[in-house]
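What follows draws every value from the coordinates through simple rules; no lab data is involved. Every value quoted in this text rests on a predicted model; they were computed, and no experiment measured them. Cβ coordinates were reconstructed from backbone atoms using ideal geometry, including for glycine residues, and neighbour counts include every protein chain displayed.
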Amino acid sequence: MFIVHVQVRVKPECVEAFKQATLANARESLKEPGVARFDVLQQAEDPTRFVLVEAYREAGAAAAHKETRHYPVWRDAVAPMMAGPRASVKFANVFPDDSGW
């Protein structure tokens, strides 16, 4: 498993539009064979902060995700909604191991 946490800070007036665009992207992402999970989390204390938790079956699937038709649509749609650049942190799964996936 290859997991990416993408942290996003959204302009307050764009929260709902960001959520709609991101949910559409997440739904399409789940159709990709290399995507095991695609979670969209909104911070309870600060609703302008989001974390996307992207779990890929292998590292190459993350690169393939960026080549889909829906990813650039999302990227371009949400770019003006962001209050700052998004940041990502990549993880390797330790437990549970990916034998059950």
Quick check: anything in the stretch 45-57 surrounded by 13 or more Cβ atoms within 10 Å (Cβ to Cβ), of a type outside the set (Val, Ile, Thr), farther than 14 Å from residue 81 by Cβ and touching a Gly at 6+ places or on another chain (Cβ under 9 Å)?
-> yes
Within the stretch 18-39, is there a residue that is more than 21 Å from residue 96 (Cβ to Cβ) and part of a strand (DSSP E or B)?
-> no
Of all residues in the stretch 44-101, how many are without any contact (Cβ under 8 Å) to a residue 60 or more places away in the chain, in a strand (DSSP E or B) and not hydroxyl-bearing (Ser, Thr, Tyr)?
-> 7
Evaluate the following for residue 29: is it within 13 Å of residue 6 (Cβ to Cβ), under 14 Å from the mean Cα position of the chain (by Cα), among the small types (Gly, Ala, Ser) and surrounded by fewer than 16 Cβ atoms within 10 Å (Cβ to Cβ)?
-> no
Looking at (1) touching a helix residue (DSSP H, G or I) at 6+ places or on another chain (Cβ under 6 Å); (2) small (Gly, Ala, Ser); (3) closer than 17 Å to residue 80 by Cβ, can you tell me which one residue 24 breaks?
-> (1)
Among the residues of the stretch 1-26, write down those that are among the basic types (Lys, Arg) and either under 13 Å from residue 77 (Cα atoms) or free of Cβ contacts under 8 Å to residues at least 60 places away in the same chain (or both).
-> 19
